[in-house]
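Notes to accompany the following structure.
The values are calculated or read from the model by the stated rules, or taken from the named source; none is laboratory data. What you see is a predicted model, and the numbers here were worked out from it, not measured in a lab. Positions of Cβ are backbone-derived with ideal geometry, glycine not excepted, and every protein chain shown enters the neighbour counts.
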């Protein structure tokens, strides 16, 4: 499997954990003290790091640091929008489209000539 696909797959999985660690406590633990939410979030984030670190190490064999970062940001948006709409019940906003277009522009500029 190509390096970029392995990297992207691991980053997608890590972003699912990251998104839940960062935001799910707003829905599920809002009645608990913040430090309880932080401890639970750290536990979830451990799994994110167990995927993200290998993803970046694999990706860095074929991609530049800037390319890895922009890939991460694009994947973050791809994971965040369904999470926000489906799990957190936030309305789908046109701003998500504009943000996605900006990220697509960043991806283009960082990967052109590759």
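A few remarks follow.
- Residue in segment 38-60 that is on the phi < 0 side of the Ramachandran plot and assigned to a loop (DSSP other than H, G, I, E, B) present: yes
- Residue list for segment 39-82, restricted to those being surrounded by 16 or more Cβ atoms within 10 Å (Cβ to Cβ), touching a residue at least 24 places away in the same chain (Cβ under 8 Å) and farther than 24 Å from residue 108 by Cα: 44, 45, 47, 48, 51
- Residue count, segment 58-96 (criterion: more than 15 Å from the chain's Cα centre (by Cα) and over 15 Å from residue 13 (Cβ atoms)): 18
- Being within 30 Å of residue 29 (Cβ to Cβ), modelled with pLDDT under 95 and in a helix (DSSP H, G or I) holds for only one residue in 83, 109, 96, and it is 96.
- When residues in segment 1-40 are screened for being closer than 21 Å to residue 61 by Cα and under 20 Å from the mean Cα position of the chain (by Cα), 13 of them pass.
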